[in-house]
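The values are calculated or read from the model by the stated rules, or taken from the named source; none is laboratory data. Everything numeric here is computed off the predicted structure, so don't read it as measured data. Note: ideal-geometry Cβ built from the backbone for every residue, glycine included; neighbour counts use all protein chains shown. Just so you know, the surface numbers come from the protein's heavy atoms only, side chains and all, with ligands and any DNA or RNA stripped out. Shrake-Rupley method; radii C 1.70, N 1.55, O 1.52, S 1.80 Å.
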Amino acid sequence: MTVAPPSESFQTEAATSFTQSIMAGLRARQKTIESKWLYDARGSQLFDTITQLDEYYPTRTELGILRKHAAELQHYVSGNTALVELGSGSSTKTRALLNTLPNLHSYVPVDISKDHLYASARHVADEYGALNVIPIVGDFTGEIPLPAELGDARKILFFPGSTIGNFQIGDAADLLAQMRQISDVVAFVVGVDLVKDTDTLIRAYDDTSGVTAAFNMNLLTRINRELGANFNLDGFKHEARWNDARSRVEMHLVSLRAQVIQIFGEEISFAVGESIHTENSHKYTPGQLEQLACENGWEADQIWTDPKQLFGVAVLTP
Ligand code: AVJ
């Protein structure tokens, strides 16, 4: 498999987009940073470590569900069928599908973090020699530039990891509606973390070993490195909060004192206790997930869960 590096223009555009997003977020009344920026190379490594933590149940639980049920997806594979994975980091869960669906013709991982994407795409290509692996660097919240070589292949969309939970409900609805516009989709497999007791949820986002704290704080390191800001990490702390009204875990970086940071010659001030809101992880009930799907052009064909109902994998059909 030959994987052409992204063009120079893509990289410049990405840098501008990052700058604009960070500046807009830090100027907001409730300071915020878009969670997609968590995943630079270091952030992606830290997230891979998070997935192994005792407290962070979603990855292993979803993997167990996929290993138990993936064979049922064979029903959707016939002739030229492609697995299109949205937001593939290490494609760890992908292997549960690729191992069980040997007749897949292509695998198309789509991710914003190009280095991570290309590395994991090469590993998949090496492991699954007969599979046509076509990595696409892109932000799946926009138009996905699916490769022309897919032609009229039937597509199984794969959106694991409860990444849909990062989206505000309205944006999640828009994403489902957008995915519904992709041609020749026969199934859309979506992993979603389910509502549960607050203690379990908070522990999953504020582990005792501090890996999630490092993941969140890495944003400030990235902004210092890439935008020349002067955040002093000792002046901030990671915080995970349960927002019951919005049914979501929120990650925040809380200022421990009144302080001012400089970025691009602009001063951004923080009151003591003021936070930068860096991520939302929305939690659904199976019923809420089914309703969201049905309102946006899909049928909830099945929702597979684990015995403790911690996590759900929905199989949506057009
Ligand atoms: C990969 C976005 C699904 O929201 O649970 C893990 C990211 N953030 N720990 C999640 C995350 C803190 C994860 N997603």
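Pairs linking a residue in region 14-35 that is more than 17 Å from S255 (Cα to Cα) to a residue that is assigned to a loop (DSSP other than H, G, I, E, B), with Cβ atoms under 6 Å and 6 or more positions apart or on different chains, are S21/E34. Scanning region 38-70 for residues that are among the hydrophobic types (A, V, I, L, M, F, W, C), open to solvent by 30 Å² or more (accessible area, probe 1.4 Å) and within 10 Å of the ligand (Cβ to nearest atom) yields a count of 1.
No other residue among G165, G142 is open to solvent by less than 40 Å² (accessible area, probe 1.4 Å) and out of contact with any His (no Cβ under 6 Å at 6 or more places or on another chain) apart from G142.
All of (1) touching a residue at least 24 places away in the same chain (Cβ under 8 Å); (2) touching an Asp or Glu at 6+ places or on another chain (Cβ under 9 Å); (3) surrounded by 13 or more Cβ atoms within 10 Å (Cβ to Cβ); (4) under 27 Å from E55 (Cβ atoms) hold for I261 with one exception: (4). Taking first residues from region 175-189 that are more than 13 Å from A82 (Cβ to Cβ) and partners that are open to solvent by 60 Å² or more (accessible area, probe 1.4 Å), the Cβ contacts under 7 Å between residues at least 6 apart in sequence or on separate chains come to L175/T141; R180/P318.
Here is a yes/no grid of residues against (1) under 20 Å from the mean Cα position of the chain (by Cα); (2) open to solvent by 40 Å² or more (accessible area, probe 1.4 Å):
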site: E279; (1), (2): yes, no
site: Y284; (1), (2): yes, no
site: G287; (1), (2): no, yes
site: C294; (1), (2): no, yes
site: W298; (1), (2): no, no
site: Q302; (1), (2): no, yes
site: Q309; (1), (2): no, yes
site: V313; (1), (2): yes, no
site: L316; (1), (2): yes, no
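Among the residues examined, S247 does not qualify as at pLDDT 95 or above, closer than 30 Å to A14 by Cβ and not basic (K, R). Restricted to region 168-210, and to residues that are in a strand (DSSP E or B) and more than 16 Å from the ligand (Cβ to nearest atom), which residue is surrounded by the fewest Cβ atoms within 10 Å (Cβ to Cβ)? It comes out as V186.
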